[in-house]
Amino acid sequence: MAAVATCGTGAGSTGSMVAAGGKNNVTSFQRRGPRASGSDSSYSRLVSIAGTRPSVRNGQLLVSTGLPALDQLLGGGLAVGTVLLIEEDKYNIYSSLLFKYFLAEGIINGHTLLVASAKEDPADILQELPAPLLDDNVKKDFDEDACNHKTAESNIKMKIAWRYQLLPKMEAGPVSSSRFGHYYDASKKMPQELIEASKWHGFFSPEKSSSTLNIEPCSLTHGYIKLLQFIQNIIYEEGFDGSNPQKKQKNILRIGIQNLGSPLWGDDICCTENGNSHSLTKFLYVLRGLLRTSLSACMITMPTHLIQNKAIISRVTNLSDTVVGLESFIGSERETNPLYKDYHGLIHIRQIPRLNNLIYDVSDVKDLAFKLKKKLFTIERLHLPPDLSDTVSRSSKQDLAEPSKLLGPGCGVMAGGKKHLDF
Amino acid sequence: MFPELNNLLNTTPDRAEQGKLTLLCDANTDGSFLVHHFLSFYLKANCKVCFVALIQSFSHYNIVGQKLGVSLTVARECGQLVFLEGLKSSVDVFFRAQAEPHPLQFLREANAENLQPLYEFVREALKPVDDGEAAWRCPVLLVDDLSVLLSLGMGAVAVLDFIHYCRATVCWERKGNIVALVHDSGDTEDEENNILLNGLSHQSHLILRAEGLPTGFCRDVHGQLRILWRTPSQPTTQRDRSLTYQYKIQDKSVSFFAKGMSPAVL
């Protein structure tokens, strides 16, 4: 795991651990000398990777998902070495938006991107990324306002708190753009020069022809095998797994896989109930193995509402680290429900991992809704509107109670409940 | 290990029982704290432990183990702990052809019949040391978790066979213990998982079942633990003893209390 004070499997570890390829026992996180915990030099070494910060709870290295609101709900961000699974909403509108935020955040922070899709060419996906709300734009407006006031204020001498006159004036504006997590403007596109300056690898499933496979045909579908080999090649060649000691500048690899499990990948779990039920789960397992041994983080969007066999969904959830489900109101009867009129959909945090710890950061708020305005994708607590009708009849209470009952099961890993009562 | 759980189970590391199969089960919640408990318990009890960790990495267990008072690195280096790190080995197995049979060989095969390589690994790991010094007390096999094997293409019957072979070797032949975690999928119709869970429930001597609260999320009570003692070999007319407690997980320990007696409520 990418923890700050971890002694992974150092290159010289003997002991009885089974590792058939013993020479590859390297990981980038090696403890320097005997230290109890929280060693400072490796701390500063890992923090120096752009766009990451250590978690306050367990020193885990975190990257931003591209949505500061979601970062907060996930306990600070997405841990490096883990998988974030987004269960797509019905028409794949908001999940693809989250996907783009994730990639855009990678470009702003200078991370390497690996974009895999079976539907769109990764180059096209990168062209559609939202533009960041960089502080230069915001700062310009702020400075203009400040200038108008400054001429008046600078001449006023403080009579009582005169010591404070010597201090520089506090700037209450946004901090510099090297912060963790940025905001994006969904209506504008990312500037071309930023995209071109970034390093990215694309995997477009229809393009990868069937070359010689050097592994025996296991039960994985062809598309998944190619994708795993592609990811493993990139990780190995660019040294994200620490196997190349020449690479001085450490960087994070952001892997984004779109629509995993859809028929376009060659998997039939969305088409029939008795399809190839192990292909996707095996893929996720090996992918997680690759992630745990390298400096990378992965976001996967999956159309779980299409998967016919419900057992697969629970297995996929158990095999992923963080699972977030999106439910949009478009086309459902909730669109006209007065309870939801301000929002575009619900967001369910289904699972948060307990990494290196017995406990984890979980927010108390389980009913979360999101709305997308031009500049911001906000996630808020779902507020019940005040019941202002003249006749507070039983039927209106029933309507409001019905959706909140449905919110109950989406309670996350802590406990599932069918009744809309809290303990 | 959690001292309160030891009290509930009426065991201490000095008088750990032998020849038992313990089944850990979680439904609607995360039961991994039980795995951490048993790992540290048996390491403190001076037993030789073979840990098949399929779901998390070594450093995860190590860091939690340090909070509970055991060091996995030290245990591994002196030979008390044999650790199979599933995630890391799976990458090796999947991308490179292995010379000798690897315990996770079934990842490469389309229709793996059984888990024999994994059983051979366990048997080799818990082989009694012949050099005369009785180093460790009794062998213990710890598996986290068995439901992952179903996701990786093995059938429920193959996993049950694997546990059966392990029980014959570890529990009966060498008087050791087995602890295994299985997820209970609840109302999702995962038939293979149900077969596995039911089959193991009938074979085990002790079942620890961590469940989420039926009323939903609570900040002060994280779940409910049901403990069931069984005697699978002798059918008895007495009912099996069972206890139910609620628990709250803290940073370094878990506190247990009777139902409804959470300190937050009192």
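If we only count helices (runs of 4 or more DSSP H) wholly inside the range A:83-190, which ones have 1 or more residues that are farther than 21 Å from A:His201 by Cβ and modelled with pLDDT of 85 or more?
A:94-109
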>> Among the residues in the range B:81-88, are any more than 15 Å from the chain's Cα centre (by Cα), more than 24 Å from B:Arg137 (Cα to Cα) and modelled with pLDDT under 95?
In response: yes
>> Quick check on my filter: what residues within the range B:204-224 are touching a Lys or Arg at 6+ places or on another chain (Cβ under 8 Å), more than 30 Å from B:Trp172 (Cα to Cα) and among the charged types (D, E, K, R)?
In response: B:Glu211, B:Asp220
>> Can you list residue pairs whose Cβ atoms sit under 7 Å apart, with the first residue in the range A:271-292 being without any contact (Cβ under 8 Å) to a residue 12 or more places away in the chain and the second being open to solvent by less than 20 Å² (accessible area, probe 1.4 Å) and not hydroxyl-bearing (Ser, Thr, Tyr)? Count only pairs 6 or more apart in sequence or on different chains.
In response: A:Gly289/B:Leu87; A:Gly289/B:Val91
> Is the range B:125-132 home to any residue that is surrounded by fewer than 23 Cβ atoms within 10 Å (Cβ to Cβ), in a helix (DSSP H, G or I) and among the hydrophobic types (A, V, I, L, M, F, W, C)?
Replying inline: yes
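Would you be able to tell me the number of residues in the range B:52-74 that are in a helix (DSSP H, G or I), farther than 23 Å from A:Ser294 by Cβ and of a type outside the set (D, E, K, R)?
Total satisfying the criteria: 3.
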>> Looking only at the range B:101-119, how many residues end up being charged (D, E, K, R) and more than 7 Å from every other protein chain (Cβ to nearest Cβ)?
In response: 1
> Take the residues of the range A:50-63 that are among the polar types (S, T, N, Q) and open to solvent by 10 Å² or more (accessible area, probe 1.4 Å): which is farthest from the other protein chains (Cβ to nearest Cβ)?
Replying inline: A:Thr52
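On the given criteria, is B:Val49 of a type in the set (Val, Ile, Thr), surrounded by 17 or more Cβ atoms within 10 Å (Cβ to Cβ) and assigned to a helix (DSSP H, G or I)?
No.
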> What is the number of the single condition among (1) within 17 Å of A:Gly81 (Cα to Cα); (2) open to solvent by less than 20 Å² (accessible area, probe 1.4 Å) that A:Thr317 does not meet?
Replying inline: (2)
> Considering the range B:75-102 alone, what residues qualify as being assigned to a helix (DSSP H, G or I) and charged (D, E, K, R)?
Replying inline: B:Arg76, B:Glu77, B:Lys88, B:Asp92
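Scan the range B:75-88 for residues that are in contact (Cβ under 8 Å) with a residue 12 or more places away in the chain, farther than 19 Å from A:Asp321 by Cβ and at the interface with another protein chain (Cβ under 7 Å from one of its Cβ atoms) and jot them down.
Within the range B:75-88, B:Gly79, B:Val82, B:Phe83, B:Leu84 qualify.
What residue, of B:Val122, B:Val148, B:Val140, is touching a residue at least 24 places away in the same chain (Cβ under 8 Å), among the hydrophobic types (A, V, I, L, M, F, W, C) and either away from chain A (no Cβ under 13 Å) or assigned to a strand (DSSP E or B) (or both)?
Of the residues listed, the single one that is touching a residue at least 24 places away in the same chain (Cβ under 8 Å), among the hydrophobic types (A, V, I, L, M, F, W, C) and either away from chain A (no Cβ under 13 Å) or assigned to a strand (DSSP E or B) (or both) is B:Val140.
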> Taking the range A:294-351 as the search range and keeping residues that are charged (D, E, K, R) and away from every other protein chain (no Cβ under 13 Å), which one is farthest from A:Gly66 (Cα to Cα)?
Replying inline: A:Glu333
>> Given the condition farther than 27 Å from A:Thr221 by Cα and of a type in the set (S, T, N, Q), answer yes or no: does some residue in the range B:90-97 qualify?
In response: no
> Within the set of pairs 6+ apart or on separate chains, which have a first residue in the range A:64-79 that is surrounded by fewer than 22 Cβ atoms within 10 Å (Cβ to Cβ), a second that is polar (S, T, N, Q), and C-beta atoms under 7 Å apart?
Replying inline: A:Ala69/A:Thr378; A:Asp71/A:Ser64; A:Asp71/A:Thr65; A:Leu73/A:Ser363; A:Gly76/A:Ser55
>> Tell me yes or no: at least one residue of the range B:6-24 is surrounded by 18 or more Cβ atoms within 10 Å (Cβ to Cβ), in contact (Cβ under 8 Å) with a residue 60 or more places away in the chain and within 14 Å of chain A (Cβ to nearest Cβ).
In response: no
> So which residues in the range B:40-74 are without any contact (Cβ under 8 Å) to a residue 24 or more places away in the chain, within 9 Å of another protein chain (Cβ to nearest Cβ) and not hydrophobic (A, V, I, L, M, F, W, C), if there are any at all?
Replying inline: B:Ser59, B:His60, B:Asn62, B:Gln66, B:Thr73
>> Here is a check on your reading of the model: is A:Leu326 under 23 Å from B:Leu84 (Cα atoms) and not hydroxyl-bearing (Ser, Thr, Tyr)?
In response: no
> If you check A:Thr14 against the conditions, is it surrounded by 22 or more Cβ atoms within 10 Å (Cβ to Cβ) and modelled with pLDDT under 85?
Replying inline: no
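The values are calculated or read from the model by the stated rules, or taken from the named source; none is laboratory data. Since this is a predicted model, take the numbers as computed values, not measurements. Ideal geometry is used to build each Cβ from the backbone, glycine not excepted, and the neighbour counts take in all protein chains shown. Surface areas here come from the heavy atoms of the whole protein model, side chains and all, with no ligands, DNA or RNA. Shrake-Rupley method; radii C 1.70, N 1.55, O 1.52, S 1.80 Å.
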